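The values are calculated or read from the model by the stated rules, or taken from the named source; none is laboratory data. Keep in mind it's a predicted model, so treat the numbers as computed, not measured. Backbone-built Cβ (ideal geometry, glycine too); neighbour counts: all protein chains shown. Note: areas computed on protein heavy atoms with side chains; ligands, DNA, RNA excluded. Shrake-Rupley method; radii C 1.70, N 1.55, O 1.52, S 1.80 Å.
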Amino acid sequence: MAAHLITRTDPATSATWWRTAVVYQIYPRSFADSTGDGIGDINGIRSRIGYLADLGVDAIWISPWYPSPMKDAGYDVSDFRDIDPVFGTLDDAQSLLDEAHAAGIRVLIDIVPNHVSDAHPWFRAALAAGPGSPQRARFVFRDGRGATGDLPPNDWMSTFGGSAWTRTLNPDGTPGQWYLHLFTPHQPDVNWACQDVVADFEATLRFWFDRGVDGFRIDVAHGLVKDEALADIGAMAFPLPDDTAAGIDHPHWDRPGVHDIYRSWRTIADSYDPPRIFVGEVWVGRPHRLAAYVRPDELHTAFNFEFLNAAWMPTRLRAVIDATLSTHAEVGAPSTWVLENHDVPRVVSRDARPQERLSSKIEIDELLRLPADFDLGRRRARAHALVLLGLPGVAYVYEGQELGLPEVEDLPASAIQDPVFFQTRGLSRGRDGCRVPIPWTGDPDGYGFQPAHAEAAPWLPQPAQWADLSVEAQQDDPTSTLNLYRRALRLRTSLPELRDGDFAWVEGAGFAFRRGEDIECRVNFDAAPVALPQDAEVLVASDVLVDGMLPTDTAVWIRRDRAATGD
Ligand code: NOJ
């Protein structure tokens, strides 16, 4: 395939920083606990800004920090314009914004526009006001089916298992209407056909933009608009029927109306100086459906989960990279590349599994039941990192990914807090295995996640063998995964080719791509070591080279000096 031309960023302005940024995701509960209550917080993040600057990230994205009953770790928001006391205060948030900016780090926060908490004043008012009221119009309330209304209004399923409908009680205690929740029953979906909802979320955007927030990550960005007929889904495939079929019409995912919402949000973001930005959490399963969200007047970027889901196999990776680059180029948007977040098993543990058994449809629990070779997983994950960071566009790194943390696969059931575990009645262990508080020091008593003599243990137990993976242990070890990430991020900053150099495959060289004229990323997927070109200067390697050869499951970034060899 032809080379992909990459849109140049303008060095004279910082307004295009988001096209090439490395964004570090902070899951605040698990990053750094300043108070010793076992849960990470804003002042903990503030205390680690030096670490983030030293790592070399351009921005952080902070998962929800709003007041919440924490039925889904903060993705059940009861007030979008305040901070949950467990994380701190609005003043702490302002200090974090100011200090991050002073360190040259931009700040994205999460917005959750598909649903609110059932403790949100709007939902309480809706229950109290009864059927047909304007308060209920902010949600999706319907009478049940069947003679007594005791069957849910349709067959929609919650993403976390079970029906997407819960029946309410009338104020007099008799069974009442049902409400829609595509996630837990504690997260009623709001109704985007209601102007109150539109206006309130726009006010929230402005509230945080006015405080200096640089942008938002949009939760479930493809889910906001529902088919008003609330038609049954029946056997329709998730997430979408075949793209080539005319008139894709899933009743609650990826409906055309979502694009109007983002066009309106974009005008708000553009009205700020510098303009604010968005990244959408968009699970649509097909690159060209994803690209529709990042047309010039909509979102700036959207997570590319196809790359995350791709097995560590050259054919699969190449196919995803090609499809992503070409569909994004059509709309002039940068691609994003992501390997981890707080919802998926960590890349070390995915890469440790037989790759031919992986697919985008595999459930977390099924994946983790496959046999694992963790040394292999670590080796591949390091090479995977150089692919991630070598591609053109935006790269996301999830806290602990830079330490090579594996999934914690043996959390005791008594410790698990993810609603997925409860909603599936324990059939799925859920996502807590990638949410364990990260190790900063070798002290097994909290690994520096919290102050000494903390009053409460970390909210999820940390494994006994994590001392060697801590920041302290890796800090001065030139071979550590932390230093691999640091080196790669520094190169991304210092080499303009890695930011906005064109992309092309190097044919006949195995899995190898070129950035700009002279920089290449090469990975050896063969069983035996392979030679590097004679004129190669190695900039960074994911593992040690053996006699100048690239071992299996190892990646390098090299600079070619073709003039020297006449190539
Ligand atoms: C996606 C978030 O990443 C996930 O953690 C959350 O459970 C769901 N959206 C529901 O908000």
Selection status of Ile364, within 16 Å of the ligand (Cβ to nearest atom), touching a residue at least 60 places away in the same chain (Cβ under 8 Å), hydrophobic (A, V, I, L, M, F, W, C) and surrounded by fewer than 24 Cβ atoms within 10 Å (Cβ to Cβ)
yes
Per the list (1) part of a loop (DSSP other than H, G, I, E, B); (2) open to solvent by less than 10 Å² (accessible area, probe 1.4 Å); (3) among the charged types (D, E, K, R); (4) within 30 Å of Thr16 (Cβ to Cβ), residue check on Asp33 breaks on (4)
So which residues in the stretch 502-524 are surrounded by fewer than 19 Cβ atoms within 10 Å (Cβ to Cβ) and in contact with a strand residue (DSSP E or B) (Cβ under 7 Å, 6 or more places away or on another chain)?
Asp502, Ala504, Trp505, Val506, Ala509, Gly510, Asp518
What number goes with the only condition from (1) in a helix (DSSP H, G or I); (2) open to solvent by 10 Å² or more (accessible area, probe 1.4 Å); (3) of a type outside the set (A, V, I, L, M, F, W, C); (4) touching a Ser or Thr at 6+ places or on another chain (Cβ under 9 Å) that Gly44 does not pass?
(2)
Filtered residue count, the stretch 411-427, keeping only those that are aliphatic (A, V, I, L, M) and part of a helix (DSSP H, G or I)
3
Working only within the stretch 106-126, note down all residues that are open to solvent by less than 10 Å² (accessible area, probe 1.4 Å), away from the ligand (no atom under 14 Å from the Cβ) and not β-branched (Val, Ile, Thr).
Phe123, Ala126
Can you give me the number of residues within the stretch 425-459 that are within 19 Å of Met70 (Cβ to Cβ) and polar (S, T, N, Q)?
1
Of all residues making up the stretch 512-521, the number that are under 15 Å from Gly393 (Cβ atoms) and part of a loop (DSSP other than H, G, I, E, B):
1
Within the stretch 399-410, can one find any residue that is within 13 Å of the ligand (Cβ to nearest atom), open to solvent by less than 10 Å² (accessible area, probe 1.4 Å) and part of a loop (DSSP other than H, G, I, E, B)?
no
Could you tell me whether Ala100 is over 27 Å from Pro419 (Cβ atoms) and more than 16 Å from the ligand (Cβ to nearest atom)?
yes
Pair list, Cβ under 7 Å, 6 or more apart: the stretch 318-345 residue closer than 30 Å to Asp418 by Cα, other residue among the aliphatic types (A, V, I, L, M) and within 16 Å of the ligand (Cβ to nearest atom)
Thr336/Val279; Thr336/Ala302; Val338/Leu308; Leu339/Leu308; Val344/Leu308; Pro345/Ile364
Restricted to the stretch 287-307, and to residues that are over 14 Å from Asp270 (Cα atoms) and not in a helix (DSSP H, G or I), which residue is most open to solvent (accessible area, probe 1.4 Å)?
Arg295
Can you tell me which residue within the stretch 367-397, out of those that are within 21 Å of Gly430 (Cβ to Cβ) and either of a type in the set (Asp, Glu) or part of a loop (DSSP other than H, G, I, E, B) (or both), is least open to solvent (accessible area, probe 1.4 Å)?
Leu370
Of (1) more than 16 Å from the ligand (Cβ to nearest atom); (2) under 30 Å from Ala555 (Cα atoms); (3) crowded, with 19+ Cβ neighbours inside 10 Å, Pro463 satisfies all except one. Which?
(3)
Being surrounded by fewer than 16 Cβ atoms within 10 Å (Cβ to Cβ) and on the phi > 0 side of the Ramachandran plot is the filter here, so list the residues in the stretch 434-460 that pass it.
His453
State all residues of the stretch 434-445 that are assigned to a loop (DSSP other than H, G, I, E, B) and closer than 12 Å to Ser30 by Cβ; if no residue qualifies, say none.
Arg435, Val436, Pro437, Ile438, Pro439, Trp440
Out of (1) outside any loop (DSSP other than H, G, I, E, B); (2) more than 16 Å from the ligand (Cβ to nearest atom), what's the single condition that is false for Arg217?
(2)
Residue set Ala456, Ala509, Ala504, Ala464; condition assigned to a loop (DSSP other than H, G, I, E, B), closer than 30 Å to Gly390 by Cβ and out of contact with any Leu (no Cβ under 8 Å at 6 or more places or on another chain); output residue Ala509
Considering only residues that are within 16 Å of the ligand (Cβ to nearest atom) and of a type in the set (D, E, K, R), which ones fall in the stretch 56-78?
Lys71, Asp72, Asp76
